[in-house]
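*Asks:* Quick one: this structure, given as structure tokens, is what I'll be asking you about.
The values are calculated or read from the model by the stated rules, or taken from the named source; none is laboratory data. Every value quoted in this text rests on a predicted model; they were computed, and no experiment measured them. Ideal geometry is used to build each Cβ from the backbone, glycine not excepted, and the neighbour counts take in all protein chains shown.
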Amino acid sequence: MDKQAYRQRVKKLPVQVSRADFNRYILPYVSRARRGPKGKLTHFQIFNYILYVLHTGVQWNQLPIRRKEIHWSNVYKWHLRWSRDGSYRNLFETSVMLLNSKGKLDLRILHGDGSNTVAKKGVQE
């Protein structure tokens, strides 16, 4: 397959997720608060703020929050919680299994061994 055909087939990573897609594909796999007062933002809004940080690479304290809805540290706390409790892992594994069951997972382009080649100047092997 040539590069142009491949680029047309592969979509870019999402920068923002719609509410319908979030509720259908993501919300069932992320943990929610069990007690305490209801938060100012929904999990959908928090997830989109996290996607923004991961996509742009800005520092958490530089997160452009609209109308001061929430402090940036609260968005980071949700990211940290979902990282530690396995929510992201569960979401990833479930999406891979779903794609595989529907025959939409192309394993020919997967590099799963985690190895990479380190390039150093002046090193000869």
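*Asks:* Any residue in region 38-65 that is of a type in the set (Val, Ile, Thr) sitting within a Cβ distance under 9 Å of a residue that is in a loop (DSSP other than H, G, I, E, B)? List the pairs, counting only those 6 or more apart or interchain.
*Replies:* 46/39; 46/70; 53/59; 53/63; 56/15; 58/64; 65/71
*Asks:* Take the residues of region 91-105 that are among the polar types (S, T, N, Q) and without any contact (Cβ under 8 Å) to a residue 60 or more places away in the chain: which is surrounded by the fewest Cβ atoms within 10 Å (Cβ to Cβ)?
*Replies:* 101
*Asks:* Got at least one residue in region 27-47 being out of contact with any helix residue (DSSP H, G or I) (no Cβ under 6 Å at 6 or more places or on another chain), closer than 26 Å to residue 107 by Cβ and modelled with pLDDT of 90 or more?
*Replies:* The answer is yes, given that some residue of region 27-47 is out of contact with any helix residue (DSSP H, G or I) (no Cβ under 6 Å at 6 or more places or on another chain), closer than 26 Å to residue 107 by Cβ and modelled with pLDDT of 90 or more.
*Asks:* Right, another one. Given the residues 80, 41, 54, which is the only one that is surrounded by fewer than 16 Cβ atoms within 10 Å (Cβ to Cβ), aliphatic (A, V, I, L, M) and closer than 22 Å to residue 20 by Cα?
*Replies:* Just a single option satisfies the conditions, and that option is 54.
*Asks:* Also: How do the pairs read when you match residues in region 74-90 that are aromatic (Phe, Trp, Tyr) with residues anywhere that are surrounded by 15 or more Cβ atoms within 10 Å (Cβ to Cβ) and not in a helix (DSSP H, G or I), using Cβ under 6 Å and keeping only pairs 6 or more apart or on different chains?
*Replies:* Cβ pairs passing all conditions: 82/30.
*Asks:* Out of the residues in region 15-29 that are touching a residue at least 12 places away in the same chain (Cβ under 8 Å) and not in a helix (DSSP H, G or I), state the one that is surrounded by the most Cβ atoms within 10 Å (Cβ to Cβ).
*Replies:* So the residue we want is 17.
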